[in-house]
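Below: the structure, in structure tokens.
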Amino acid sequence: MAISSTFSAAKLDSLLMNYCSSSSASFSGAYFPYQQQMKVFPRPNHGNKGMVSRNGGVRCEAAEFNAALGPQKIDLSKASALSALQQLKTSAADRYTKERSNIVVIGLSVHTAPVEMREKLAIPEAEMPRAIGELCGLNHIEEAAVLSTCNRMEIYVVALSQHRGVKEVTEWMSKTSGIPVSKICEHRFLLYNKDATQHLFEVSAGLDSLVLGEGQILAQVRQVVKAGEGVLGFGRNISGLFKHAITVGKRVRTETNIAAGAVSVSSAAVELAFMKLPESSHTTARMLVVGAGKMGKLVIKHLVAKGCTKMVVVNRSEEKVAAIREEMKGVEIIYRPFTDMLACSAEADVIFTSTASETPLFLKEHVKDLPPVSSEVGGLRLFIDISVPRNVGSCVTDVEGAQVYNVDDLKEVVAANKEDRLRKAMEAQAIITEELKQFEAWRDSLETVPTIKKLRAYADRIRLAELEKCLSKMGEDIPKKTRKAVDDLSRGIVNKLLHGPMQHLRCDGNDGRTLNEALENMNALNRMFGLESDLSLVEQKIRAKVEQSQK
């Protein structure tokens, strides 16, 4: 089994790190027995690089091999029998078969990165399939999903190699956003496997939100699953992770009172506005809402809950505003088209923006000529921007009489109830810990699937080889009925022999005892039948990656 010649050095950069010799080189310091070929090339040590031998060949400084081999004679015939390319393939495959793939999250959130950076990295829902496709086109990424909200941009991947997977995804983020890699590295956070899983569960439960228990994030996690359905690359591990996260989010909200009194980002925005307005103006301040989508609708609802009975809503069409007006009986909701936005702003004390516009709606030149607001509302026109990318340019802060707040400023709203937040978080964390064990058990149970497939393939290869021998001895004039009977007989024997081992490899991951037994059985079968040396799946995986990237 040889790796295709299409494996260029550029594409196999991650696989060539341990390449120490060529097929024509003299192996002056080591002998590589075939039985130990999985250990031929140790992990590279940057402080102990390969050295040139006197005869011009290249040798690896691998102390463990020298000690293990001791006084054994060098068998040059065996050494030369294993070509450098075979050694390379074995070394490369070893990195992927000895450890299962890693779940990794590379993220920037409101806790680690400013909104200016997050908005450049934001990925609209319609672009999710493209993003997943591009991420899975990277050499070391098998599966991917993107969670992009106003407070976070997190990329979840299943990586063949942690280090190289993170490097490739970070470079992709830089390429798509125009932000230098060094800047992304400065603000990103990295989590692996169990920590990555726990993080997503906490996000879905609302523990990582600016406002504890906010419900909107759970809907956004659901949307990731919806956007990923049918997309190549939104595979079993990642889809299973996000679906379990939805279960966790629902359970936390059902079994704890974490959502009692909790608010969304939109609610926090309204709360912030009322914190900044003088109390005497709470019922008289003129409110303008720009955008009538999900976020805008929530802003309107929370304004009504605060006692507002009149507001102006600017939107591209009146249809959504009319639906909101129908729902909010007894509240005066005045619709204005986008062409009237600046005129409406001149008559507003507080302006909420929540549109999907990728360019700012308000810049310094738009705001500087607006008439001043009354001292009764504090003398400042408030711009509360909950959009990512932002709808209000940062330059507006330079305008006298204007005050701008964005999603990062909502932290002030949640500072008050700290003790209650901690208590609720502890209740939710106990549930997350329990669910985390279940998910890890489910993922561990997937470990046996490749062994089941390889054992079946191993048995089928033997069956077909022996069947061919039998049929050739029976001559060419075998009736079809006889041929089929012999084939059925061989299948029946194999199926009955495999039934027991297969049953002992299958488990649903919920029972820890059964799972441990299944994993022990898997390791035993791998050793007995030499299934770990069957690298066809790994080779196919690497080959597909390289061929895809060369198109």
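Within the stretch 281-320, which residues are among the polar types (S, T, N, Q), surrounded by fewer than 21 Cβ atoms within 10 Å (Cβ to Cβ) and modelled with pLDDT of 90 or more? So that I can check it myself, show each step before the final result.
Going residue by residue through the stretch 281-320, those that are among the polar types (S, T, N, Q) are 281, 283-284, 309, 315, 317.
Now drop any that are not surrounded by fewer than 21 Cβ atoms within 10 Å (Cβ to Cβ), which leaves 281, 283-284, 309, 317.
Answer for the stretch 281-320, where residues must be among the polar types (S, T, N, Q), surrounded by fewer than 21 Cβ atoms within 10 Å (Cβ to Cβ) and modelled with pLDDT of 90 or more: 281, 284, 309, 317.
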Among (1) open to solvent by less than 40 Å² (accessible area, probe 1.4 Å); (2) closer than 30 Å to residue 523 by Cβ, which single condition is residue 154 missing? (2)
Can you tell me which residue in the stretch 503-518 is modelled with the lowest pLDDT, limited to those that are surrounded by fewer than 17 Cβ atoms within 10 Å (Cβ to Cβ), part of a helix (DSSP H, G or I) and not basic (Lys, Arg)? 512
Out of the residues in the stretch 358-417 that are polar (S, T, N, Q) and in a loop (DSSP other than H, G, I, E, B), state the one that is surrounded by the fewest Cβ atoms within 10 Å (Cβ to Cβ). 359
Residue check, residue 191 against (1) touching a residue at least 12 places away in the same chain (Cβ under 8 Å); (2) outside any strand (DSSP E or B); (3) open to solvent by 40 Å² or more (accessible area, probe 1.4 Å), all met but one. Which one? (2)
Residue ID - surrounded by the fewest Cβ atoms within 10 Å (Cβ to Cβ), chosen from residues in the stretch 165-185 that are modelled with pLDDT of 95 or more and in contact with a strand residue (DSSP E or B) (Cβ under 8 Å, 6 or more places away or on another chain): 170
Could you go through the stretch 249-263 and let me know if any residue there is open to solvent by less than 50 Å² (accessible area, probe 1.4 Å) and free of Cβ contacts under 8 Å to residues at least 40 places away in the same chain. no
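Looking at 188, 251 in this structure, which one is farther than 22 Å from residue 127 by Cβ and at pLDDT 90 or above? Even if it seems obvious, please write down each step before you answer.
On the way: 188 fails: farther than 22 Å from residue 127 by Cβ.
Selected residue: 251, the only one of 188, 251 that is farther than 22 Å from residue 127 by Cβ and at pLDDT 90 or above.
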Which one of the conditions (1) farther than 29 Å from residue 212 by Cβ; (2) in contact (Cβ under 8 Å) with a residue 40 or more places away in the chain does residue 145 fail to meet, given that it meets all the rest? (1)
Unmet requirement for residue 162, which otherwise passes all of (1) modelled with pLDDT under 95; (2) open to solvent by less than 20 Å² (accessible area, probe 1.4 Å): (2)
Taking interchain pairs and intrachain pairs at least six residues apart, which have beta carbon atoms under 8 angstrom, with the first residue in the stretch 365-389 and of a type in the set (S, T, N, Q) and the second assigned to a helix (DSSP H, G or I)? 387/295
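Output yes when any residue across the stretch 233-243 is open to solvent by 40 Å² or more (accessible area, probe 1.4 Å), touching a residue at least 12 places away in the same chain (Cβ under 8 Å), within 26 Å of the chain's Cα centre (by Cα) and under 15 Å from residue 156 (Cα atoms), and no when none is. Outline the logic, then answer.
Let us first name the residues in the stretch 233-243 that are open to solvent by 40 Å² or more (accessible area, probe 1.4 Å), namely 236, 243.
Pick out the ones that are also touching a residue at least 12 places away in the same chain (Cβ under 8 Å) and you get 236, 243.
Applying the additional criterion that residues be within 26 Å of the chain's Cα centre (by Cα) yields 236, 243.
Remaining after also requiring under 15 Å from residue 156 (Cα atoms): 236, 243.
Yes, some residue in the stretch 233-243 is open to solvent by 40 Å² or more (accessible area, probe 1.4 Å), touching a residue at least 12 places away in the same chain (Cβ under 8 Å), within 26 Å of the chain's Cα centre (by Cα) and under 15 Å from residue 156 (Cα atoms).
In this structure, is residue 201 open to solvent by 20 Å² or more (accessible area, probe 1.4 Å) and at pLDDT 95 or above?
Values: open to solvent by 20 Å² or more (accessible area, probe 1.4 Å): no; at pLDDT 95 or above: yes.
Considered against the rule, which asks whether it is open to solvent by 20 Å² or more (accessible area, probe 1.4 Å) and at pLDDT 95 or above, residue 201 comes out as no.
Among the listed residues 375, 387, 394, identify the single one that is among the polar types (S, T, N, Q), modelled with pLDDT of 90 or more and over 18 Å from residue 110 (Cα atoms).
Details: 387 fails: over 18 Å from residue 110 (Cα atoms); 394 fails: over 18 Å from residue 110 (Cα atoms).
Selected residue: 375, the only one of 375, 387, 394 that is among the polar types (S, T, N, Q), modelled with pLDDT of 90 or more and over 18 Å from residue 110 (Cα atoms).
The values are calculated or read from the model by the stated rules, or taken from the named source; none is laboratory data. Being a predicted model, the structure only gives us computed values, none of them experimental. Backbone-built Cβ (ideal geometry, glycine too); neighbour counts: all protein chains shown. Only protein heavy atoms, including side chains, enter the accessible area calculation; ligands, DNA and RNA are left aside. Shrake-Rupley method; radii C 1.70, N 1.55, O 1.52, S 1.80 Å.
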